[in-house]
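In what follows, a structure is listed as C-alpha cells, so that the remarks can point back to it.
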Amino acid sequence: MLVTTSELRANLENPAWVVFDCRHDLADHGRGARIYGEGHIPGACFAPVETALAGAKTGTNGRHPLPAAADFAAFLNRHGVGETTQIVAYDDVGGQYAARLWWLARWIGLTRVAVLDGGLPKWIAEGNPVTTDTPKPRAAGNVVAKPDASRVRSAEQVLAGLSSRESLIFDARAPERYRGETEPIDRVAGHIPSAVNRFFKLNLNPDLTMRAPAELRREFEGALGGRRPDQAVHQCGSGITACVNLLAMEHAGLRGSALYVGSWSEWIADPARPLARGAT
C-alpha cells in the first residue's frame, strides 16, 4: 500500500508499473493540471480529481461522489493499467488525493496499488528527476471493475448506525472544522453526531511519510475501543482526506474499514439529518 521513493526510482522504466500524478487544489481545480505540466515524475499520467476520481454531482450527493466503477476502470485502461499492473499514486500534500485513487482502485477489485510515501516533495528533495515530457502512449489495459460494496457506506447506512455502538465514525477533517468553529468549504459547520475526530495529518511524519505501523495501530485501536476494524467508517468533507485514514489503518494492519463517500458535504444536503458541534 506504500511504495518508497527508492523503489519507484528503480522501476521508472518498468512497463508493469503505471504512475499517476494526483495533485489537486480544492480551491483551484485547475492547479493540478497546471503544475503537472510544469514538472512531474517521468512517465507519470495525470489523474484529475474532479473527473477521473469523482462522479457527477447532483447537489445532494456531496462534492466528490463516487465515479461509476466502469468509468474509473475505463480511465485506468486508457493509461495502460492491467489486472497485474503495479499502480503508484502520488501528490504533494501528504497523500490525500493519491489515497483517493488508491482507495478507488481497491474498491473496484485491484490489489497491486500503492501510494508514494512522502509524495513528490520527498522525491524532489532526494534529487530524483522530474520532467515536462508527455508520457508515451501505452496499449489499452484490461481492467474489469468488480466493485466491493463492503468498502462503501451510504448516508442512510450511517444514519441507521448512529443509535448503535456497533460502528464508529472517524472524521478526518481539521479539528476546528470538526468542532464547527469554522467551515471554509461547506455551507454548514459541525460534524455527524458520535463521530470522533482523527485529523488525517496525524498519520504523517514531518516529511509527509506515513508514521510507523505500530504507532498508528495503537492509536486507532485506542479510538476503536474494542470494536473490529471493519466496524470503522471514515468520512471527511467530501470523501477525499478520509482515504488517508483508511490507508493508515491498512498500513497498521487494521483492514476492512469503509468509506462514507458523500461525507459531510452530502450529509448536510438533507436538513433532517442530525448534526453536532463542539469537541464530542
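Can you find a residue that is assigned to a loop (DSSP other than H, G, I, E, B), in contact with a helix residue (DSSP H, G or I) (Cβ under 8 Å, 6 or more places away or on another chain) and hydrophobic (A, V, I, L, M, F, W, C) anywhere in the stretch 71-85?
Within the stretch 71-85, none of the residues are assigned to a loop (DSSP other than H, G, I, E, B), in contact with a helix residue (DSSP H, G or I) (Cβ under 8 Å, 6 or more places away or on another chain) and hydrophobic (A, V, I, L, M, F, W, C).
Can you tell me which of (1) surrounded by 23 or more Cβ atoms within 10 Å (Cβ to Cβ); (2) modelled with pLDDT under 95 is the one Gly278 doesn't meet?
Among (1) surrounded by 23 or more Cβ atoms within 10 Å (Cβ to Cβ); (2) modelled with pLDDT under 95, the lone unmet condition for Gly278 is (1).
Looking only at the stretch 182-192, count how many residues are assigned to a loop (DSSP other than H, G, I, E, B), touching a residue at least 24 places away in the same chain (Cβ under 8 Å), in contact with a Gly (Cβ under 9 Å, 6 or more places away or on another chain) and not aliphatic (A, V, I, L, M).
Of the residues in the stretch 182-192, 2 are assigned to a loop (DSSP other than H, G, I, E, B), touching a residue at least 24 places away in the same chain (Cβ under 8 Å), in contact with a Gly (Cβ under 9 Å, 6 or more places away or on another chain) and not aliphatic (A, V, I, L, M).
Could you tell me whether Gly82 is of a type outside the set (Ser, Thr, Tyr), closer than 20 Å to Ala33 by Cα and modelled with pLDDT of 95 or more?
No, not satisfied.
Are any residues in the stretch 245-280 within 13 Å of the chain's Cα centre (by Cα) and not in a loop (DSSP other than H, G, I, E, B), and if so, which ones?
Hits for the stretch 245-280 are Asn245, Leu246, Leu247, Ala248, Met249, Glu250, Ala258, Leu259, Tyr260, Ser263.
Just give me the residues in the stretch 86-132 being in a strand (DSSP E or B) and without any contact (Cβ under 8 Å) to a residue 60 or more places away in the chain, in sequence order.
none
I'd like to know if the stretch 120-139 contains one or more residues that are within 26 Å of Ala27 (Cβ to Cβ), touching a Ser or Thr at 6+ places or on another chain (Cβ under 6 Å), modelled with pLDDT of 95 or more and surrounded by fewer than 23 Cβ atoms within 10 Å (Cβ to Cβ).
Yes, the stretch 120-139 has at least one match.
Only one residue in Asp71, Asp21 is crowded, with 16+ Cβ neighbours inside 10 Å and either of a type in the set (D, E, K, R) or more than 20 Å from Leu208 (Cα to Cα) (or both). Which one?
Asp21
Return the residue satisfying two criteria in turn: it lies in the stretch 150-173 and is among the hydrophobic types (A, V, I, L, M, F, W, C) and either in the same structural domain as Thr60 (by TED's automatic domain parsing) or touching a helix residue (DSSP H, G or I) at 6+ places or on another chain (Cβ under 8 Å) (or both), and of such residues it is farthest from Ala269 (Cα to Cα).
It comes out as Leu168.
Every residue, every condition in (1) in contact with a Ser or Thr (Cβ under 7 Å, 6 or more places away or on another chain); (2) under 21 Å from Tyr90 (Cα atoms), yes or no:
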{"position": "Glu176", "(1), (2)": "yes, no"}
{"position": "Gly180", "(1), (2)": "no, no"}
{"position": "Glu183", "(1), (2)": "no, no"}
{"position": "Ile192", "(1), (2)": "no, no"}
{"position": "Val196", "(1), (2)": "no, no"}
{"position": "Glu215", "(1), (2)": "no, no"}
{"position": "Ala223", "(1), (2)": "no, no"}
{"position": "Gln231", "(1), (2)": "yes, no"}
{"position": "Cys243", "(1), (2)": "no, yes"}
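Could you grab me the full set of residues in the stretch 177-205 that are among the acidic types (Asp, Glu) and surrounded by 14 or more Cβ atoms within 10 Å (Cβ to Cβ)?
Across the stretch 177-205, the qualifying residues are Glu183, Asp186.
Applying the selection to the stretch 219-244, what residues are assigned to a helix (DSSP H, G or I) and within 11 Å of Trp103 (Cα to Cα)?
Ala242, Cys243, Val244 - these are the residues of the stretch 219-244 that are assigned to a helix (DSSP H, G or I) and within 11 Å of Trp103 (Cα to Cα).
Between a residue in the stretch 240-265 that is closer than 29 Å to Thr60 by Cβ and any residue that is of a type in the set (Ser, Thr, Tyr), which pairs come within a Cβ distance under 7 Å, given they are 6 or more apart or on different chains?
Taking only residues 6 or more apart or on different chains, the pairs are Ile240/Tyr97; Ala242/Ser263; Leu246/Ser257; Met249/Ser257; Ala258/Ser150; Ser263/Ser238; Ser265/Ser238.
The values are calculated or read from the model by the stated rules, or taken from the named source; none is laboratory data. All figures in this text were calculated on a predicted structure; none of them were measured in a lab. Using ideal geometry, Cβ is built from the backbone for each residue, glycine included, and neighbour counts are taken over all protein chains shown.
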